[in-house]
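Structure below; questions to follow.
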Amino acid sequence: MAEMAGPRSLENAKDWILGKLEARVHPFALTDVDRTRAVIESLTGLDGATWAAAWAGQGDAYAKQAEAAEARGDTAAARDNWYQAYGFYFLGRFPCPNHPDKLASYEKEVTAYQSFGKYATPAIEVVTLPFDGREGEGREITFYVRLPEGIDSPPAIVMWGGVDAWKEEMTILTEGLAARGFATVALDNVGTGQSPIKAGPDGERQFLPVLDWVETCGRFDATRIAIVGRSFGGHWATKLAHLMPERFRAAVNWGGGVHYMFQPDWIEKSRYPDSYLMELVETRSRMLGATNDAEYIEGFKVLSLLDQGLLDQPCAPLLLINGKNDTQCPVADIELLTEHGDPKSVRLFPGRGHMGFGPGTVDTIIDWLKARLA
């Protein structure tokens, strides 16, 4: 696998960012190209304070424009400016808010995104449910709902992101699904964003109140529910598909690990993958609640679905999708899944890295879901 000896230098990071910006892929697919390029050129460091200030400053500028547009009643301009504000605040907290200034950028990100959501088509509704957390955990869970226009009781797709792309970053997928008649429910991956808990061997309990709500609120077709886990979130989609296959018409693991990803040898190989900008270990550790390397390694080890004895159980129809050259999650985990339990659908994109990002990836997922939710 392609890996680096250590963290990127500033100049190396700038080159990497410019490549992602030119390709318009995560995490540089959301913001205005010219303004983003200007920030890249002006970057003087990758430390939390410097990084957050560079991106959040642009977010503040767009937020002011959005507020001015709202004041004059221009909802289209308000929508577009709030989206740009959100995008720059997202970069300001990327990959995770492990510094006070990055945390402040994240808080602004959520506010800007929810302001954008009021003007989006379809609108993005914020829903909060109580969560029966343990001592020290959160007591509520927040998620976003989008309903397709003109369809009563639509099928519902519940989705979540990975370690750095959270519920706000599911927008492009939710728009594509809404256009095809599907409702979407987007929440944060376990241990990220506004998740009430940290990732552990029973982290799937975070999703259960949301799934119960989807089935009982009367707004969706409860007989046609699917789940999608993006990046690390694919781990939880795979686990739920095996734990409760009767609840789902379909499940998608879009680049997530199940066993080999959590082994010590892969942990070492994936510390500095060439496909990641910076702070991957720090971001994963924050998701786990790990405070040192030993806790990080142990926190990963206990997530193995093979060791939990799940892979030979029946599972819901499951799509496994990734790039063949993924340096963050081993393709061997897809091979492992195909060797156990019920048959799976697989799509690997040659020449692509993590999640197989590129032309046709999102359409492949949507078309597969559409066939199973018809």
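The values are calculated or read from the model by the stated rules, or taken from the named source; none is laboratory data. Since we're looking at a predicted model, the values are computed, not measured. Glycine gets a Cβ as well: all are built from the backbone with ideal geometry, and neighbour counts include every protein chain shown. Calculation scope for accessible area: heavy atoms of the full protein, side chains included, ligands and nucleic acids excluded. Shrake-Rupley method; radii C 1.70, N 1.55, O 1.52, S 1.80 Å.
How many of the residues in segment 258-274 are touching a residue at least 60 places away in the same chain (Cβ under 8 Å), farther than 19 Å from Trp51 by Cβ and not β-branched (Val, Ile, Thr)?
Summing the residues that are touching a residue at least 60 places away in the same chain (Cβ under 8 Å), farther than 19 Å from Trp51 by Cβ and not β-branched (Val, Ile, Thr) in segment 258-274 gives 9.
Give segment 181-199 a look and list any residue that's among the hydroxyl-bearing types (Ser, Thr, Tyr), in a loop (DSSP other than H, G, I, E, B) and open to solvent by less than 10 Å² (accessible area, probe 1.4 Å), or say none.
Thr192
Shifting gears a bit: From (1) in contact (Cβ under 8 Å) with a residue 60 or more places away in the chain; (2) open to solvent by 20 Å² or more (accessible area, probe 1.4 Å), pick out the condition that doesn't hold for Tyr119.
In the conditions (1) in contact (Cβ under 8 Å) with a residue 60 or more places away in the chain; (2) open to solvent by 20 Å² or more (accessible area, probe 1.4 Å), Tyr119 misses (1) alone.
Determine which member of the set Asp60, Asp80, Asp15, Asp34 is within 28 Å of Ser195 (Cα to Cα) and open to solvent by 60 Å² or more (accessible area, probe 1.4 Å).
The conditions single out Asp80.
Quick grid of which residues meet (1) under 19 Å from Ala374 (Cα atoms); (2) open to solvent by less than 10 Å² (accessible area, probe 1.4 Å); (3) of a type in the set (Ser, Thr, Tyr):
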| residue | (1), (2), (3) |
| --- | --- |
| Phe207 | no, yes, no |
| Asp212 | no, no, no |
| Thr216 | no, no, yes |
| Asp221 | yes, no, no |
| Arg224 | yes, no, no |
| Gly229 | no, yes, no |
| Gly233 | no, yes, no |
| Thr238 | no, yes, yes |
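Oh, and also: Please go through segment 259-308 and give me each residue that is part of a loop (DSSP other than H, G, I, E, B) and acidic (Asp, Glu), ordered by number.
Selection gives Asp274, Glu279, Asp307.
For segment 318-339, which positions are of a type outside the set (D, E, K, R) and open to solvent by 60 Å² or more (accessible area, probe 1.4 Å)?
The answer is Asn325, Thr338.
Yes or no: segment 226-239 includes at least one residue that is in contact with an Asp or Glu (Cβ under 7 Å, 6 or more places away or on another chain), aromatic (Phe, Trp, Tyr) and closer than 22 Å to Gly309 by Cα.
Here is the first cut: in segment 226-239, the residues in contact with an Asp or Glu (Cβ under 7 Å, 6 or more places away or on another chain) are 236, 239.
From what is left, the residues that are aromatic (Phe, Trp, Tyr) are 236.
Okay, now just the ones that are also closer than 22 Å to Gly309 by Cα, so 236.
Yes, there is a match, as at least one residue in segment 226-239 is in contact with an Asp or Glu (Cβ under 7 Å, 6 or more places away or on another chain), aromatic (Phe, Trp, Tyr) and closer than 22 Å to Gly309 by Cα.
List pairs: first residue in segment 355-373 and under 11 Å from Ile321 (Cβ atoms), second residue open to solvent by 70 Å² or more (accessible area, probe 1.4 Å) anywhere in the structure, Cβ distance under 6 angstrom, at least six positions apart or on different chains.
Within 6 Å, the pairs are Thr364/Arg347.
Related question: Residue by residue through segment 90-115, note down the ones that are open to solvent by less than 10 Å² (accessible area, probe 1.4 Å) and touching a Lys or Arg at 6+ places or on another chain (Cβ under 7 Å).
Gly92, Arg93, Cys96, Lys102, Ser105, Glu109, listed by residue number.
Restricting the first residue to segment 81-93 and requiring it to be more than 17 Å from Leu277 (Cα to Cα) and in a helix (DSSP H, G or I), which pairs with a second residue that is open to solvent by 20 Å² or more (accessible area, probe 1.4 Å) and at pLDDT below 95 meet a Cβ separation below 8 Å and a spacing of at least six or different chains?
none
Which residue pairs have Cβ atoms under 9 Å apart, sit 6 or more places apart or on different chains, and have a first residue in segment 146-167 that is farther than 18 Å from Phe207 by Cα and aliphatic (A, V, I, L, M) and a second that is open to solvent by 10 Å² or more (accessible area, probe 1.4 Å) and assigned to a strand (DSSP E or B)?
Leu147/Glu125
Mind checking whether some residue in segment 355-372 is at pLDDT 95 or above, more than 30 Å from Thr223 (Cβ to Cβ) and either surrounded by fewer than 20 Cβ atoms within 10 Å (Cβ to Cβ) or not aliphatic (A, V, I, L, M) (or both)?
No, segment 355-372 contains no residue that is at pLDDT 95 or above, more than 30 Å from Thr223 (Cβ to Cβ) and either surrounded by fewer than 20 Cβ atoms within 10 Å (Cβ to Cβ) or not aliphatic (A, V, I, L, M) (or both).
All but one of (1) assigned to a helix (DSSP H, G or I); (2) of a type in the set (Gly, Ala, Ser); (3) out of contact with any helix residue (DSSP H, G or I) (no Cβ under 8 Å at 6 or more places or on another chain); (4) open to solvent by 10 Å² or more (accessible area, probe 1.4 Å) hold for Gly138; state the number of the condition that does not hold.
(1)
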